[in-house]
Amino acid sequence: TYILLRAAVVGEGFLARDITFENTAGHAKHQAVALRVGSDLSAFYRCDILAYQDTLYVHSNRQFFINCLVAGTVDFIFGNAAAVLQDCDIHARLPGPGQKNMITAQGRKDPNQNTGIVIQKSRIGATSDLLLQTAGNMSYPTYLGRPWKEYSRTVIMQSEISDVVHSAGWHVWDADFALATLYYAEFENSGPGANTTARVDWEGYKVIGDESEVVGFTAEERAFRQKTRRRLIIVGISSILLVGIIIGAVAGVVIRNRKSGGGGSDADKLPPTESPAASLKAVCSVTQYPSSCYSSITALEGGSNSSDPEVLFRLSLRAAMAELSKLKDFPAAIQLPSDIANDTMLRQAINVCAAVFEDSVDRLNDSIASITAQPAGEGKQQQVLSRTWLSAAVTDLDTCLDAVQLNETEHPVNSAMENSTELASNSLAIVTKVLGLLSDFNIPIHKRRRLMTAEAKSDSGFPRWVSDGDRRLLQQVGGAGGLRPNVTVAQDGSGNFTTIAKAVELIPKKSLWKYIIYIKQGTYKENVILDKHRWNVLVYGDGKDKTIVSGSLNFVDGTPTFDTATFAVQGKNFMARDMKFINTAGPEKHQAVAFRSGADMSVYYRCSFDAYQDTLYPHSNRQFYRDCDITGTIDFIFGNAAVVFQGCKIQPRQPMSNQFNTITAQGKKDPNQNTGISIQKCDFTPLSANLTARTYLGRPWKDFSTTVIMQSSIGGFLNQLGWLPWVSGVEPPNTIFYAEYQNTGPGSSVAGRVKWAGYKPALTKDEAARFTVGSFIQGGAWLPATSVAFDSAL
């Protein structure tokens, strides 16, 4: 067994983060290890460890696993380390014929060894293949463990155990071997598989009732956890240790702590392995495309002689910009194959590509400007902005591919975009994993503002990126004493214009001052676009049922989804209040967007969005919706913005007879994008009582789809599975992040939810805090100024 593995680590102080270790041999090949660890003081964070028999070999020394997924069949966590698995997902999978699943097989051979396996605050369940086969019976029994050696020691505590675990809990190794000398225990577990009334009656097994009895399994772990968490987050203290930082904290290679000397230059202190070339390779190793990262940077002037991660990041931006600049002219010059040259819809899709290519160039320019000319002390904030803008640039490129709907790699659109897509992704990875990691050390480098840091709740309840002036505008607009708009639109001729489009033409480009458009009561049948140059615009009406903007463009009649929007905005700091945006195309026309937004730091207050499929398209950047109504059928909140909904009514409606409803379809394609959909303190109710169609919270549109529903009320209309795969019958990749937290109502029970590896039915408070206004969209920095109420934290 010892050598049948995919990865092995022995040296002291090994760290791994965000890595999958897998052995694909299958159950028929018996012992086949994915990861073997003999490293003392080693830690594994957000890793997947996947195989069948003998998946994870915790061989020896002290080890800590947190937020990891471990899946297997027979003895799939085994060995004789002092190992703690905390807040992990432990999943049994379908074994081979005649096999039984054993989660643990601990190998303590001497009673004086301070070793054992502790599983704490974790979730013990099964993968979908096993669940489909068992369906409530014990045809493929799963046990918490069996004693591999005479003094085997395993403790399961404060964990959620599903009914996949046999009521006996534990299984013998061979007859009565070790049953009196082992130490197997359970403490304060929950879930249908946690009932201990029918457990084994071995002399060495016990149910612990007194917390003091488990202190011995937690005290050392707590100190160890504190130390290892610091090492996972704070690995090294300067750019001199770049290779150690990247390899140790991100790529998972051994880190040796070194103390830098007193004088001399950085170059004098660099070990031979940390030459500029080695540093560049280390930086590029965090990307999805290390080869193109290395070659593109070394091709630039200065790319071969710098070890400074900030300089290397700037060079990566230059390389990406060079490729994106080529793309700007590509749509006009593209030569389509003769069989599709006259395809009108494809031509329209290429026009979409032209628009998003231009926007992606702007996003890279923003990143370059922020990283090269920023005031001292503002590195963290600018680093977060760079990540936001690069996330948007990657989304723009993906939007083009979605529009042309072609997957042939030889197609000119795909081939032309390949380099740009890779290089933009590389820059995003570097700013996220390299500069972001270094900023956590408070190193004097352009540091990011950590998205995981919760901000204080503002007095108004909004994110801080809404300025005080904008907050007052939202409070004062309309009614007695309201602020005077720059332009008024009224169908009856009592304003400056009778159409919104005419008013939009007057908006100054890139204005630093708020431009206010008042749209009086009425239904305005027009399609409105505020391009990327229209900054700081506020539009407001007389109420979300009184001022209505209506359109009917749709996919079936030949318009790409991106262009079907009745109202579309791109310029930053856009605000809308007391308006309704609808697309009247109907369900038979499929994709028909009511509102699309790519506006960074945009706010929508007391607005209504009404359509069927693809109603609301939060395309990219940071967005906030408060007290809004969103109505639709399939994927009716979709896109790849970092978006938070608070106090909103989410209202699925009856689709066509052969359709289902999916409320969300999040589009995160790159793991380093800081995007996702967060729905907090909202109300999920049907639009009308006639809703009979199967309705789900969402489905994952892309490989890294991220959606969190928390502290919301969910009606009984929701299908108990909660979520739906994108492809029927195919489980989504384990890279998605779908989660629920503290929801209420008849549809909030997670007992019958999907069992995907990427789904978390019950987040911890700390996990949920990542998706609040303060943390997820840095709302405390810009929302207070809008005067729109918001909750910054949980």
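The values are calculated or read from the model by the stated rules, or taken from the named source; none is laboratory data. Note that the structure is predicted; figures quoted are calculated from it, not measured. When we count neighbours, we look across all protein chains shown, and the Cβ atoms used for this are built from the backbone with ideal geometry, even at glycine.
Is there a residue in the range 272-286 that is closer than 19 Å to Thr432 by Cβ, modelled with pLDDT of 85 or more and part of a loop (DSSP other than H, G, I, E, B)? Yes, the range 272-286 has at least one match.
Residue by residue, here is whether (1) under 22 Å from Asp359 (Cα atoms); (2) assigned to a strand (DSSP E or B) holds:
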{"position": "Asp492", "(1), (2)": "no, no"}
{"position": "Lys532", "(1), (2)": "yes, no"}
{"position": "Trp535", "(1), (2)": "yes, no"}
{"position": "Asp542", "(1), (2)": "no, no"}
{"position": "Asp557", "(1), (2)": "no, no"}
{"position": "Ala565", "(1), (2)": "yes, no"}
{"position": "Ala568", "(1), (2)": "yes, yes"}
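Looking at the range 57-65, can you tell me whether even one residue there is touching a strand residue (DSSP E or B) at 6+ places or on another chain (Cβ under 6 Å), at pLDDT 90 or above, under 20 Å from His91 (Cβ atoms) and assigned to a loop (DSSP other than H, G, I, E, B)? Checked the range 57-65: no residue is touching a strand residue (DSSP E or B) at 6+ places or on another chain (Cβ under 6 Å), at pLDDT 90 or above, under 20 Å from His91 (Cβ atoms) and assigned to a loop (DSSP other than H, G, I, E, B). Of everything in the range 575-607, what is of a type in the set (S, T, N, Q), in a loop (DSSP other than H, G, I, E, B) and under 22 Å from Thr547 (Cα atoms)? Give them in sequence order. Matches in the range 575-607: Thr584 only. Within the range 512-530, track down each residue that is under 24 Å from Ala355 (Cα atoms) and within 33 Å of the chain's Cα centre (by Cα). If the condition is that a residue be under 24 Å from Ala355 (Cα atoms) and within 33 Å of the chain's Cα centre (by Cα), then Leu512, Asn527, Val528, Ile529, Leu530 are the ones that fit.
Taking every residue in the range 511-526 that is more than 12 Å from Arg484 (Cβ to Cβ) and pairing it with any residue that is of a type in the set (D, E, K, R), at least 6 positions away or on another chain, the pairs with Cβ-Cβ distances below 6 Å are Gln521/Asp542; Gln521/Lys546. Could you check the range 628-659 and list, in sequence order, the residues that are within 19 Å of Phe574 (Cβ to Cβ) and free of Cβ contacts under 8 Å to residues at least 24 places away in the same chain? Of everything in the range 628-659, just one residue is within 19 Å of Phe574 (Cβ to Cβ) and free of Cβ contacts under 8 Å to residues at least 24 places away in the same chain, namely Ile630.
Within the range 151-174, residues that are in the same structural domain as Asp110 (by TED's automatic domain parsing) and basic (Lys, Arg) reach partners that are buried (at least 24 other Cβ atoms within 10 Å of the Cβ) and in a loop (DSSP other than H, G, I, E, B) with beta carbons closer than 8 Å, at six or more positions or on different chains, in the pairs Arg153/Arg108; Arg153/Leu182. Take the conditions (1) part of a strand (DSSP E or B); (2) closer than 22 Å to Lys572 by Cα; (3) in contact (Cβ under 8 Å) with a residue 60 or more places away in the chain; Thr662 misses just one of them, which is (2).
The number of residues in the range 517-530 that are out of contact with any helix residue (DSSP H, G or I) (no Cβ under 7 Å at 6 or more places or on another chain), surrounded by 17 or more Cβ atoms within 10 Å (Cβ to Cβ) and under 18 Å from Ala599 (Cβ atoms) comes to 1.
Considering Phe660, Phe684, the condition of being crowded, with 18+ Cβ neighbours inside 10 Å, aromatic (Phe, Trp, Tyr) and over 21 Å from Ala769 (Cβ atoms) is satisfied by Phe684 alone.
A quick yes/no check of all residues on (1) in contact (Cβ under 8 Å) with a residue 40 or more places away in the chain; (2) among the charged types (D, E, K, R); (3) surrounded by 24 or more Cβ atoms within 10 Å (Cβ to Cβ); (4) touching a strand residue (DSSP E or B) at 6+ places or on another chain (Cβ under 7 Å):
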residue	(1), (2), (3), (4)
Ala7	no, no, no, yes
Ala16	yes, no, yes, yes
Ile49	no, no, yes, yes
Val84	yes, no, yes, yes
Asp89	yes, yes, no, yes
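Going by the conditions given, is Ser122 closer than 23 Å to Tyr205 by Cβ and touching a Cys at 6+ places or on another chain (Cβ under 6 Å)? Answer is yes for this residue.
Among the conditions (1) in the same structural domain as Asn674 (by TED's automatic domain parsing); (2) modelled with pLDDT of 95 or more, the only one that Leu724 does not satisfy is (1). Within the range 62-82, restricting attention to residues that are among the polar types (S, T, N, Q) and free of Cβ contacts under 8 Å to residues at least 40 places away in the same chain, which residue is farthest from Val9 (Cα to Cα)? Looking at residues that are among the polar types (S, T, N, Q) and free of Cβ contacts under 8 Å to residues at least 40 places away in the same chain, I get Asn67. Going through (1) free of Cβ contacts under 8 Å to residues at least 60 places away in the same chain; (2) among the aliphatic types (A, V, I, L, M); (3) not in a strand (DSSP E or B) one by one, Leu144 falls short only on (3).
Here's the yes/no breakdown for (1) among the small types (Gly, Ala, Ser); (2) assigned by TED's automatic domain parsing to the domain that holds Thr142; (3) in a strand (DSSP E or B):
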| residue | (1), (2), (3) |
| --- | --- |
| Glu12 | no, yes, no |
| Ser39 | yes, yes, no |
| Asp75 | no, yes, no |
| Phe78 | no, yes, yes |
| Gly98 | yes, yes, no |
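Summed over the range 281-308, the residues that are under 20 Å from Glu323 (Cα atoms), of a type in the set (A, V, I, L, M, F, W, C) and without any contact (Cβ under 8 Å) to a residue 60 or more places away in the chain give a count of 3. The single condition from (1) surrounded by 22 or more Cβ atoms within 10 Å (Cβ to Cβ); (2) hydrophobic (A, V, I, L, M, F, W, C); (3) within 26 Å of Val603 (Cβ to Cβ); (4) without any contact (Cβ under 8 Å) to a residue 60 or more places away in the chain that Val708 fails is (4). Taken as a whole, the range 745-756 holds no residue that is closer than 28 Å to Ser190 by Cα, at pLDDT 95 or above, assigned to a strand (DSSP E or B) and not aliphatic (A, V, I, L, M). In a residue-by-residue description of the range 115-126, the property of being farther than 20 Å from Tyr759 by Cα, at pLDDT below 95 and either part of a loop (DSSP other than H, G, I, E, B) or touching a Pro at 6+ places or on another chain (Cβ under 7 Å) (or both) applies to at least one position.
Could you grab me the full set of residues in the range 599-633 that are closer than 21 Å to Trp723 by Cα and surrounded by 24 or more Cβ atoms within 10 Å (Cβ to Cβ)? Residues satisfying the conditions are Tyr612, Gln613, Asp614, Thr615, Leu616, Tyr617, Pro618, Ile630, Gly632, Thr633.
From the list Val504, Val537, Val477, the one residue that fits, being assigned by TED's automatic domain parsing to the domain that holds Ala599, crowded, with 19+ Cβ neighbours inside 10 Å, within 16 Å of Met579 (Cβ to Cβ) and modelled with pLDDT under 95, is Val477. Applying the criterion of being at pLDDT 90 or above and among the aliphatic types (A, V, I, L, M) to the residues of the range 67-82, the residue that is farthest from the chain's Cα centre (by Cα) is Val74. Evaluation of Thr197 against the conditions (1) over 19 Å from Gly79 (Cβ atoms); (2) surrounded by 21 or more Cβ atoms within 10 Å (Cβ to Cβ); (3) among the polar types (S, T, N, Q) shows that the sole unmet condition is (2). Filter the range 288-326 down to residues that are charged (D, E, K, R) and assigned to a loop (DSSP other than H, G, I, E, B) and give me whichever is surrounded by the most Cβ atoms within 10 Å (Cβ to Cβ). Only one residue tops the list, namely Asp308.
Of the residues Ile90, Ile103, the single one that is of a type outside the set (Gly, Ala, Ser), at pLDDT 95 or above and more than 17 Å from Trp756 (Cα to Cα) is Ile103.
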